[in-house]
Amino acid sequence: MSLHMRVIASTVFFLAAPLEQPPTVDVARLGWMAGCWEQRSGATITHETWMAPAGGAMVGMSRTVGGAAMRAWEALRIVTDSGRLAYVAQPNGRAPTAFPAVLTSDTLAIFENPAHDFPQRIAYHRVSADSIVARISAVREGKTRGMDIRMKRVSCGG
């Protein structure tokens, strides 16, 4: 299957993933997310970095730069909360918002918070060892709206 077809298939999977599997509480299962990731779109570059699982948690950071200016940043973590994994996001230093896990595997992690405005769902799909697709989405007026962030593994330079 070509890379293009795998990306299309993963996007369809994000939208139709069955949520019947109870999520694991072992953050080590999400170790495939660890590392440095990048998306480039014209003059805009997004970097997302995840530390390897340790102490029952993963810690991450995201930064988007457009031209010479930082446009957005986000503190991220995946922790155990109330007996299940939760993705906790703090965009641009705002108060943390938790998204409990609804599905985790060796290639997919889906977190949801239906009470949040946008996003309500955050999903990461491992396409290959060097490629992941993050999808953020929400249901508005009965329609699912979202965006895919296709990232490739890059060197974790200092």
Going by the structure shown, is Gly157 open to solvent by 30 Å² or more (accessible area, probe 1.4 Å), under 27 Å from Ser41 (Cα atoms), of a type outside the set (Val, Ile, Thr) and not in a strand (DSSP E or B)? yes
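Name the one entry in Val59, Val127, Val65 that is in a strand (DSSP E or B), at pLDDT 95 or above and under 19 Å from Ala28 (Cβ atoms). Walk me through it before giving the result.
Values: Val127 fails: under 19 Å from Ala28 (Cβ atoms); Val65 fails: under 19 Å from Ala28 (Cβ atoms).
Answer to the check: Val59.
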Has the range 108-121 got any residue that is surrounded by 15 or more Cβ atoms within 10 Å (Cβ to Cβ), in contact (Cβ under 8 Å) with a residue 12 or more places away in the chain and in contact with a helix residue (DSSP H, G or I) (Cβ under 7 Å, 6 or more places away or on another chain)? yes
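Would you please name the residue that is surrounded by the fewest Cβ atoms within 10 Å (Cβ to Cβ), looking only at residues in the range 49-104 that are polar (S, T, N, Q) and free of Cβ contacts under 8 Å to residues at least 24 places away in the same chain? Before the answer, list the steps.
So in the range 49-104, the residues polar (S, T, N, Q) come out as 49, 62, 64, 80, 82, 90, 92, 97, 104.
Right, trim to free of Cβ contacts under 8 Å to residues at least 24 places away in the same chain and you get 62, 64, 82, 90, 92, 97.
Values: Ser62: 19, Thr64: 18, Ser82: 8, Gln90: 14, Asn92: 10, Thr97: 16.
Step by step, filter the range 49-104, then rank; the result is Ser82.
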In the list Ala134, Ala109, which residue meets the criterion of being out of contact with any Leu (no Cβ under 7 Å at 6 or more places or on another chain) and either in a strand (DSSP E or B) or at pLDDT 95 or above (or both)? Ala134
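The values are calculated or read from the model by the stated rules, or taken from the named source; none is laboratory data. Just so you know, these numbers come straight off a predicted model, no measurement behind them. Backbone-built Cβ (ideal geometry, glycine too); neighbour counts: all protein chains shown. We work out accessible area using only protein heavy atoms, side chains counted, and drop any ligands, DNA or RNA first. Shrake-Rupley method; radii C 1.70, N 1.55, O 1.52, S 1.80 Å.
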